[in-house]
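Each reported figure results from applying straightforward, stated rules to the coordinates on display, with no laboratory input. All values reported here derive from a predicted model rather than from experimental measurement. Virtual Cβ from ideal backbone geometry, glycine too; neighbours counted across all protein chains shown.
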Amino acid sequence: MSVPALEAVNLAKSFGGVRAAHDVSFSVPGGSLAALIGPNGAGKTTLFNLVTRLYEPDAGEMRFYGRPLAGLPAARIAALGLVRTFQAARIFPGMTTLENVLAGAHLHVRASAWRQMLWLPGARGEERELVRRADALLDLTGLLPFRDAAATDLPMGAQKLLEVVRALMARPRVVLLDEPAAGLNDAETAELGSLLRAVRASGVTVVVVEHNMSLVMGVADQVIVLDTGAVVAAGTPAEIQKNPRVIEAYVGKEAA
Amino acid sequence: MEQAVQTVIGGLLQGTVFGVVALGFALVFRVTGAINLSQGAFCIVGALAMYSFQVSLGWPGWAAAAAAVGVTAAAGAVIGATTFVPALSRLPVSSMLILTAGLLTTLEGLSLVVWGSQPYALPPFSGEAPVSVLGVRLPTQGFWIVGAAAAIIAGVWFLLMRTALGRALRACAENPTAARLMGIDVPRMTLFAFTLAALIAGIGGIAVAPILSFQFDTGRLFTIAGFSAVAIGGLGSLVGSVAGGELLGVAEQLAAGYISSLFANGIALALLILTLLVRPSGLLTAKRTRREDVRDEHRIYHPVVRLRGRRAVVFGLGAVAALAVLPWIVPPGLMNSVVITGILFISVLGLDVLMGYCGQVSLGQAGFMAVGGYTAAILATNHGWPPLAGIAAGLVLSLACAVALSLVTMRLRGHYLALATLAFGLLVESLAVGMTETTGGPSGLVGVPSFSVGPFDFGTPLAMYYLVAAVIVVLVLVLLGGLRSGFGRALQAVRTDQTAAAALGINVPRYKMAAFAASAAAASLSGSLYAFHLNFLSPDMVGLARSLEMIAMLVVGGEGTLVGSLFGVALLTLLPTIFQPLALYKTFAEGLLLVLAVRYLPGGIFGVFAQRVLNPSARPARSAA
């Protein structure tokens, strides 16, 4: 069996008396699309923050292609190929849409600052290549008309999409998307769905936190259900839809 | 032994005043999350007003003191209501720091206009004769200082802990949003805290005035001491700020008494760096410090204007052509000032990389001008080095200082870089004043040779002009190349959102350090050219006033635009030269323009220019919190 792209082993984290995650284990095979779902406060975002080391876990371990992530700073984790987006779109204000996307390619800028400063042909050529890739991604997601606008002028849905595009510019091996469909209308959500499929088809492993059930059930290979900081179920969308514990977590006991 | 006791007592008295200023800092910081650099200026406004009432108008001491405190508090209320409080809800914390730097300059400039530049002294409240206690002679004014401080501390404690108003203030400090939801009028509480801090500073200034000679710009010393005391004691901790003040006062007096007065200022930096290294949160940490980083600008607000392709080339060529013909248009008498404009612009270019692009506030840019300027000038004047080698030596020394400072501060969050650069600038300034043998002391270093490379001498303003213009063109091109590529994008990402930047693999500390080194190098080069151009360098040419002036130039011209600050530099350098009678109002105007630009013109003059003239289709970027 091959090494999973992302693996959580008995992760635990408490804030004061609140157990935001306890004994969370799951594994995401390379090249698949996994969705983390669960009611508000189930610990989905906490899990993302543990993975990308915004939080230090109290116990347990995260592994990225078998490599423990403990002790690595956020920038190193990104350099390994694990890139995330944030629940509230954190695009960079004061920069255009294109510049935001290009900032995502930071890890792939090979020319040193010195060569950029001296306008050396290598550095300029690399820059043109990055712009070409950025334009292609913007075109794919329908953001091209906003290319040179200030990124903060974009509508909320476009900003969320922009953040996904920016993360993809980093050419991650695994991308973690925190509620990418929040604030998107139905058409935009459908577009996001096909974008996610395309990303997976290109070999990138996707882990997505999402509330939108039709999106999740439509695209995910594996659904992991969290409730009150613990994994209550994991399986294919079809299995999850029939799982009584999932229905209980979402609808409540009486209904189940 | 007796001398040691006297020194310690002197230090405690001085420290008491520092502590009082620091208390005002802590109060405003707790309630608003902003550092108020104008705090120290209120001390001097109080003292100068006291002088006017007591000495000029001949009022009795108690009436003069009451009126002076009233004037200071009123000034605080007016400034708070018109600038500080309305700005607080719109500007990021770092812009507030710049705004209050502008307020400090404005108050100093206003004091200069009203009271002139001469030093003042006040008679002690209870006569000159010291009191002898157990063989130790104590100045009677000491009792007034300690008494006033005790009254202030007791009053503030009672207000915060025992009254409904104090509860409301503390609620604002803990969580302004929740406080607002509870029906607390947060802007009014903020104004109250700001005014109260001004009043406290006024009382402190009046109490200490009789044992000190003061003038329009003495306030900045109180600001620096108070700011340092707060950082040493624990940012936001009221007890800590008083303790930090006492520690600083005693340390400074001991250093002045036993080592050299030269190091009295240096000791503040040493204590500060020691604190940052050992206990970054200060000796007595406030329960929690909220609103952290240097420039977490989710609330950025300035036009995003980009010149691309043909338009950029046309604009660039036009600018170079204008530079080439300028000497034939400018009247010869103005040529010197035009060269100085260019030299200062080099330094401000560096400041723009640091502040405008990377979002780190530096209050000590002139300190690096001093390092570069003095190193090059001393080596060329006294040791016969070629000017170019002198410039290189200055660059090496400046870069070493920049790396050392950023190693200490870069992993810390908060206003620490601003604080460290402030202390650094002050240290360099006091070294330049104190090391008379090498630097020529306060009257400056004379006989600096003109700049020359081999047989080519740049002794005339015209030759120097073309040299500086060439340096600027090269520097702008180099910086533009970097800033329009991955390097610049990484800096801007760090400026606006460090967490998101790190999540994209950007090594945040490394980019902060690179920006700081770049700004130090530009300042160093600028300082060297300055000395070679004027054949002279004195501490006040590259002191704190210059640092603050360059911030004003940058913000008024337009930060984050690279070339925009030229508008600010030209405006603030050439106008006072052309209209000599305005020179008196220069400081005041600088401060006022800075405050107005921060409040109403976030893109600076260049922002307006770029939007209206160069790129009419661009819209300003607006984003809510």
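For this structure, a couple of remarks:
- Share, in percent, of DSSP beta bridges within the protein assembly as shown that are antiparallel, nearest 5: 65
- Modelled FRET efficiency - R0 35 Å, B:Asn336 with B:Tyr600, Cβ distances, 0.05 increments: 0.60
- Antiparallel bridge percentage (DSSP; both residues within chain A; nearest 5): 55
- A cut-off of 5 Å between modelled amide H atoms, ignoring neighbours fewer than 5 places along the same chain, links A:Met95 with A:Ala151, A:Thr152.
- Taking the C-alpha atoms only, the angle from helix B:2-32 to the longest principal axis of chain B is near 70 degrees.
- Cα-based shape type of the protein assembly as shown, given that a ≥ b ≥ c are square roots of the gyration tensor eigenvalues and the cut on a/c is 1.5: oblate
- When chain A is treated as a Gaussian network with alpha carbon springs shorter than 10 Å, the biggest mean-square fluctuation among A:Leu36, A:Leu118, A:Leu69 belongs to A:Leu118.
- Label point 7 Å beyond Cα of B:Leu582 along Cβ direction - residues of region B:537-563 with amide nitrogen under 15 Å: B:553, B:557
- In terms of its C-alpha gyration tensor, region B:82-131 has a prolate overall shape, because the principal axis ratio a/c (a ≥ b ≥ c, square roots of the eigenvalues) is not below 1.5 and a/b outweighs b/c.
- Relative contact order %, chain B, counting alpha carbon pairs below 8 Å whose residues are six or more apart: 21
- Label-point separation, B:Phe143 to B:Arg180 (7 Å along Cα→Cβ), nm: 5.0
- Ranked by the mean number of other Cβ atoms within 10 Å per residue, highest first, peptides B:166-172, B:241-247, A:143-149 order as B:241-247, B:166-172, A:143-149.
- C-alpha long axis of helix A:156-169 to longest principal axis of chain A, angle in °: 80
- For A:Asp227, the amide hydrogen comes within under 5 Å of the amide hydrogens of A:Val232, counting only partners 5 or more places away or on other chains and with H modelled in the peptide plane.
- In sequence order, calculated HN-Hα J values of region B:581-598 (Karplus, 6.51, -1.76, 1.60; Hz; x Gly/Pro): x, 7, 3, 4, 8, 4, 4, 4, 5, 4, x, 5, 4, 4, 4, 5, 5, 4
- Relative contact order of chain A, defined on C-alpha pairs under 8 angstrom at six or more residues apart (%): 27
- Peptide B:492-498 is shielded by partner chain Cβ atoms: per residue, an average of 5 of them sit within 10 Å of its Cβ.
- The Cα center of region B:359-433 and the Cα center of region B:521-535 differ in position by 12 Å.
- Placing dummy labels 7 Å off each Cα toward the beta-carbon, the span from B:Leu575 to A:Arg67 is 5.6 nm.
- Ordering B:Thr421, B:Thr499, A:Thr141 from the fewest to the most neighbouring beta carbons within 10 Å gives B:Thr499, A:Thr141, B:Thr421.
- Prolate is the label for region A:116-171, because the ratio a/c of its alpha-carbon gyration tensor axes (a ≥ b ≥ c) is 1.5 or higher and a/b is greater than b/c.
- Sorting A:176-188, B:591-603, B:108-120, B:444-456 by average packing, meaning the other beta carbons within 10 Å per residue, from highest down gives B:591-603, A:176-188, B:108-120, B:444-456.
- Efficiency of FRET between A:Ser214 and B:Ala389 - r from beta-carbon atoms, R0 41 angstrom, step 0.05: 0.05
- Calculated [θ] (222 nm, deg cm²/dmol) that DSSP helices of n ≥ 4 give over the protein assembly as shown, each run adding -39,500 (n - 2.57): -19500 deg cm²/dmol
- Degrees between helix A:121-140 axis and first principal axis of chain A (Cα, 0 to 90, nearest 10): 50
- Mean separation of Cα contacts under 8 Å, 6 or more apart, over the residue count of region B:309-614: relative contact order %: 31
- Cβ-based exposure ranking for A:His22, B:His415, in which fewest neighbours within 10 Å come first: A:His22, B:His415
- Peptide A:108-115 has a mean of 4 when you count, residue by residue, the C-beta atoms of other protein chains within 10 Å of its C-beta.
- Inter-centroid distance (Cα atoms) of region B:127-203 relative to region B:451-491, Å: 51
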